[in-house]
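One structure is given here, and the rest of the page talks about it.
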Amino acid sequence: AMLAYNATGLNLSAGYRYVDPLFSTSGYWGRIGNWLNPTNIQGPTFRASYDLSPNLGLTLGGDYFTAAKDSSPLGLDANEDIKRALLGVRWGLSRSLNLTADYEGVFWSLNGSRGAGSGMFHPTEHYITLGTGYNLTGSTLLRFNYQIGDFDGHGALSNGAGTRSKFNAFVGQVSVKF
């Protein structure tokens with residue numbers, strides 16, 4: 001469920017997201033950090049964007065998810081949660097060229113029964129994405145992104161995932177709107 005308010009230069013939306021622990025289908029229904037198509041989650045979401053000028057805009061967002069049911073083999077368990085923060089800046093250099101800078105932070109609170117021993121542990125994910133978009137035509141966009149990522153399991157996850165992982169990625173994309 002989602003409610004939205006749109007005015008000149010200001011967009012606000014708030015809602016509630018629920019994905020059952022047994023939900024499964026082909027396709028894509030979202031992600032939280034590196035978790036693709038999350039299940040057994042529920043909680044509020046918030047997004048806001050404001051255009052300071054026609055060429056400069058800010059975005060802000062956040063999510064807070066807990067387990068939808070007590071336990072799930074693939075999703076969150078009882079007493080576990082995920083907090084997510086989103087920040088972004090858009091700068092239009094010209095009618096055809098824009099620059100973006102975005103941040104996503106994901107903060108997990110997980111039970112020690114997942115392989116960390118007893119108690120709770122708190123892995124974190126941080127992503128910074130720098131991008132540029134160039135409108136080749138009114139319906140075709142050429143986009144390049146450079147992303148810096150950092151995952152820190154705080155030494156608690158099993159199977160070698162408890163260490164810190166960092167990465168850099170460069171991506172090119174062409175999109176056409178019909």
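Note on SER165 and MET2: with the Förster distance fixed at 41 Å, the Cβ-Cβ geometry gives a FRET efficiency of about 0.80.
When the Gaussian network model of the chain links Cα atoms closer than 10 Å, the mean-square fluctuations of LEU142, LEU60, LEU86 top out at LEU142.
Could you report the chain's accessible area per residue, 1.4 Å probe, as an integer in Å²? The answer is 60 Å² per residue.
The charge dipole of the chain, taken about the Cα centre with unit charges on the Cβ atoms of Lys, Arg (+1) and Asp, Glu (-1), comes to about 480 debye, rounded to the nearest 20.
Charge tally for ASN135 (other residues, Cβ to Cβ under 12 Å; Lys, Arg +1; Asp, Glu -1): +3. Relative contact order, whole percent, for the stretch 27-76 stands at 36, derived from Cα pairs under 8 Å and 6 or more residues apart. Listed values for the stretch 57-64 are Karplus-derived 3J(HN,Hα) couplings in whole Hz (6.51 cos²θ - 1.76 cosθ + 1.60, θ = phi - 60°), namely x, 10, 10, 8, x, x, 9, 9, and x replaces Gly and Pro. Relative intensity of the chain on a log10 scale, I(q)/I(0) at q = 0.10, 0.11, 0.16, 0.18 Å⁻¹, equals -0.50, -0.60, -1.13, -1.30, per a Debye sum over C-alpha point scatterers of equal strength in the absence of solvent.
Its relative contact order, with pairs defined as Cα atoms under 8 Å and 6+ residues apart, puts the stretch 26-130 at 20 percent.
Charged neighbours of GLY15, selected by a Cβ distance under 13 Å, balance to +1 (K, R count +1; D, E count -1). Take every pair of alpha-carbon atoms less than 8 Å apart whose residues are at least six positions apart; their mean separation over the length of the chain yields a relative contact order of 13 percent. The reciprocal of the average 1/r between distinct C-alpha atoms defines the Kirkwood hydrodynamic radius, which for the stretch 23-124 equals 15.7 Å.
Between the stretch 9-33 and the stretch 80-97, what is the separation of their alpha carbon centroids in Å? Going from one Cα centre to the other spans 18 Å.
Considering only TYR50, ASN34, GLY149, the residue lying farthest towards the positive end of the dipole of the chain is TYR50, judged by Cα position with unit charges set on Cβ. When the solvent-accessible area of the chain is split by element, carbon and sulfur atoms take up 60 percent of it, the probe being 1.4 Å.
The values are calculated or read from the model by the stated rules, or taken from the named source; none is laboratory data. Small disclaimer: the values here were computed from a predicted structure and weren't measured. Cβ coordinates were reconstructed from backbone atoms using ideal geometry, including for glycine residues, and neighbour counts include every protein chain displayed. In case anyone asks, the SASA skips ligands and DNA or RNA and just uses the protein heavy atoms, side chains included. Shrake-Rupley method; radii C 1.70, N 1.55, O 1.52, S 1.80 Å.
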